[in-house]
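Below is one structure, written out as structure tokens, with a few remarks after it.
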Amino acid sequence: MPPVAMGTSCLQCLILCFILLSLAQAAEQTPDAGGSGRQGGDEERRLHHHHHRPVTEAEQPLCSNSDDGVCIPPSNDKINKIIHSNNEDEAITILAQTYASSEYGYKIMREVRKIQKNAPLLEQFERQRVEIMKSKESGIDDHIRRTIFHISDFLLEELLTLALVHREEWTQIALEESALELEVGNLPNDDDDDAHYANDHFDKAVNAYEALLLVYQRLWFVVEQDWFSHADQETLSSGQTNVYLLLADMFHERSNTRHDYVASDDSYVAYRYLIRAESWFEKTSLIIGNTSDGDGSEEPRFDQTTTLEAKQTMAFIQVQMGTLLVDMYAFGYELGNDLSTFTKPEGYKGYGEVESRTQLTDGQKQILDLSLRKLQRGFAIYASVEKEEGAHAYPNTDIQLNVAQSSDTMGTVYRYLFKWDAAASEFQGSLDIYDKLFKAYYESGMVLESVEMASSMVATTQSLFEAYLYLPRRTDDAKKVFKRHLILRRYFESQTPMRQSLTDEEEEQDADYYGTNGSYEINDPQHEETLKTYQNLLNEYLQMQSEYPPDGSYYEMGFDYIDSNPSYVQHDKVYEGSLRSGIGSLQLSLNKLWEAKSELEMAVSLLSNGVDGEYDSYGENGEIIDYPVKLELANALLNLAYVLLGLRQWRSSFEAFEEAMDLYASELTEGGSPMDHPDSVIEVKNGNLANLGERLASFIKGGMGWEEETPILDEDSSDGKGLKEGTRYISLDDYQMVQNVTIS
């Protein structure tokens, strides 16, 4: 799954810079009292940038009343409904949302009052526009030009500010709800008061953006004509692009803070907003171009700074679209053959389900392929901007971060496509950039920047060492990256100096832990049932072990829970170790770290005693596959390393991981890898990798070799050890088992 960002998103940083610039420009400008439409005497006045954007319906064309994207002006009645007051209760309505002083504080109502004060500008603009349309003259007078400038300077800024205030309030509540969800483990409840307030602020922020878009559309209908300069046209076009980006970012952020069906819908809505942003940006690109203004000169319309900024915006849109497509894939969406129609999943799909896929449908492949194309395009544009003359005008760090994030997300796509070499290459490229920036921050004593960079590197190093686990002969690389991951995670959590040796932190057993990462924590309800089954098997085994001496005699235990057929087993540490390894692995998937630690440590001890023996496992067709106990031990050690990581036992975690990698390196056959090797037994059902419980069951079942020509136990024999027909004899090194032949 694509990882959730732990710091401020790139879009938020970019948007914040745009907003601060716009507000600074607005503060410097004052309405032109004269009729010249000029400011500062001889210099022609131009619109200034507003980086924000809303839409009424993500599925509609750019203008809701047009099929071809050409804006048809709404009626005066619709204009009047953007902002109006209720004289009876003094409430103010902006588009579809009503504000009452008794419900909102000063900060919000101050912006609402400003919007109310400047609302007549819209009616004034509409009257002037109608007069121009009625006249046959080709031109525009200074009155409507001045009105447009005033709307841009004040009303657009105020609607933007209102939307940002609501978003700030929503973000604060959403973060608190998300933290509570992690602590308690419950999904968000839309019925509680906090959720109600959060939803109200979210809806009102979207509503303010939509009102802003409607005003933009009114202005665009006039400004797109030849009466205004290309710079003014570029300002309004790019302004609408940025509002759509803000809307997409809001819905994307909400999809990342929730873990239910709402997140699935939000990711789709965010993607539709990005399509709108892309469409408007194409208009901006046509306006900017490299052609002259048609006066015979060869001078371009815009300077290089504006051109480079536009390229970065396009790159950013492409990367965001690619990232959202990855999220949509994770939520279960598929892309149709027309590459434009998405199939919505039934019910909520989480990343646990994504991680279990081993085969992809055509729709899943197509959505990932489209994501990859978007990301590659954005990556290429960023790379070209770096090389272009004048690129130094932009913070080089920002471009490098964008390139690193693009590469990281491409690695995730390759991972979902099971192209592990390509995934590892992209993750390594991303890590190289992060590492360079981190060292610069760390060595300069910039703690906040270092910690934020470390958060990105934690996710990337995890993705990288996991990719190495799927590649042959990369266990040494996996060890190096895993150690780097531990050091970075420790630094991120406690700012422990990077050069300090790994040690185990002393932690209380009742301390709060959030696990290592969602890729380990699956929380499948079926795993709870599988865990109980394994624990029952272990309890019965231990009970029988205590009741019968290890003298080679048989004892009965209910191994087969389907038909309750008895099985007969001798005492064996490998069998108990395999059971405990399965139990500990299931507890890890359920984020029960302390319980998992206990079981896996015992499993490692038991399996170590039987490490010189081998037992057989079976493929899908029942063929015997040799499965050394060393690989079972390596599996237990790998899971133990994950558990110890979650418990902040840094040194012990690395030691377990290192030992597991050494065992894999010595035991794997040619072409095998820790996560994908011929010696492993992995069941595939309906194109999906069987869940963790079934995989563990296959490992344990794999230790039992079918021997067709063996004695059959006869329960009526005098010594109780006879064999009868209808069963098969199963052996595992120094213990024996009998199981009904009808059970495969």
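The values are calculated or read from the model by the stated rules, or taken from the named source; none is laboratory data. Here the structure is a predicted model, which is why all the values come from computation and not from measurement. Cβ coordinates were reconstructed from backbone atoms using ideal geometry, including for glycine residues, and neighbour counts include every protein chain displayed. To get the accessible areas, we keep the full protein, side chains included, count just its heavy atoms, and leave off ligands, DNA and RNA. Shrake-Rupley method; radii C 1.70, N 1.55, O 1.52, S 1.80 Å.
Checked against (1) surrounded by 15 or more Cβ atoms within 10 Å (Cβ to Cβ); (2) modelled with pLDDT of 90 or more; (3) over 24 Å from Leu360 (Cβ atoms), Glu282 passes all but a single condition, namely (1). For region 71-81, check the following and say yes or no: at least one residue is modelled with pLDDT of 75 or more, surrounded by 14 or more Cβ atoms within 10 Å (Cβ to Cβ) and closer than 17 Å to Ala208 by Cβ. No: zero hits. With respect to the stated conditions, Gln240 is closer than 26 Å to Thr93 by Cα, in contact with a Leu (Cβ under 7 Å, 6 or more places away or on another chain) and either at pLDDT 90 or above or not in a loop (DSSP other than H, G, I, E, B) (or both). The residues of region 198-232 that are open to solvent by 10 Å² or more (accessible area, probe 1.4 Å), at pLDDT 90 or above and among the polar types (S, T, N, Q), listed by number, are Asn199, Gln217.
If the condition is being assigned to a helix (DSSP H, G or I) and either open to solvent by 30 Å² or more (accessible area, probe 1.4 Å) or more than 26 Å from Asn402 (Cα to Cα) (or both), then region 460-486 contributes Thr475, Asp476, Asp477, Lys479, Lys480, Lys483, Arg484. All conditions in (1) in a helix (DSSP H, G or I); (2) open to solvent by 10 Å² or more (accessible area, probe 1.4 Å); (3) among the polar types (S, T, N, Q) hold for Thr669, with the sole exception of (1).
Listed by first and then second residue, the pairs linking a residue in region 643-661 that is among the charged types (D, E, K, R) to a residue that is assigned to a helix (DSSP H, G or I) and open to solvent by 10 Å² or more (accessible area, probe 1.4 Å), with Cβ atoms under 8 Å apart and 6 or more places separating them unless they lie on different chains, are Arg648/Glu493; Glu658/Lys479.
The condition (being modelled with pLDDT of 50 or more and more than 21 Å from Asp476 (Cα to Cα)) is satisfied by just one residue among Gly702, Gly693, Gly646: Gly646.
On the stretch given as region 85-117, residues that are farther than 17 Å from Asp203 by Cα and either open to solvent by less than 30 Å² (accessible area, probe 1.4 Å) or among the aromatic types (Phe, Trp, Tyr) (or both) total 3.
Residues in region 437-454 that are of a type in the set (Ser, Thr, Tyr) and open to solvent by 10 Å² or more (accessible area, probe 1.4 Å): Tyr441, Tyr442, Ser444.
All of Tyr382, Tyr348 fail the test of being at pLDDT 90 or above and either aliphatic (A, V, I, L, M) or in contact with a Ser or Thr (Cβ under 8 Å, 6 or more places away or on another chain) (or both), apart from Tyr382. Going through (1) open to solvent by less than 40 Å² (accessible area, probe 1.4 Å); (2) more than 26 Å from the chain's Cα centre (by Cα) one by one, Ser384 falls short only on (1). Of all residues in region 405-430, those satisfying the criterion of being over 19 Å from Arg357 (Cβ atoms), open to solvent by less than 20 Å² (accessible area, probe 1.4 Å) and of a type in the set (Ser, Thr, Tyr) are Ser406, Ser407, Ser430. A Cβ distance below 6 Å, combined with a sequence gap of six or more or placement on separate chains, defines the contacts here; from region 594-610, residues that are over 14 Å from Ser652 (Cβ atoms) reach residues that are open to solvent by 30 Å² or more (accessible area, probe 1.4 Å) and part of a helix (DSSP H, G or I) in the pairs Leu606/Lys573; Asn609/Lys573; Gly610/Lys573.
Condition check ((1) buried (at least 19 other Cβ atoms within 10 Å of the Cβ); (2) part of a helix (DSSP H, G or I); (3) at pLDDT below 90; (4) among the aromatic types (Phe, Trp, Tyr)) across all residues:
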{"site": "Ala270", "(1), (2), (3), (4)": "yes, yes, no, no"}
{"site": "Glu299", "(1), (2), (3), (4)": "no, no, yes, no"}
{"site": "Thr306", "(1), (2), (3), (4)": "no, yes, yes, no"}
{"site": "Met321", "(1), (2), (3), (4)": "yes, yes, no, no"}
{"site": "Asn337", "(1), (2), (3), (4)": "no, no, yes, no"}
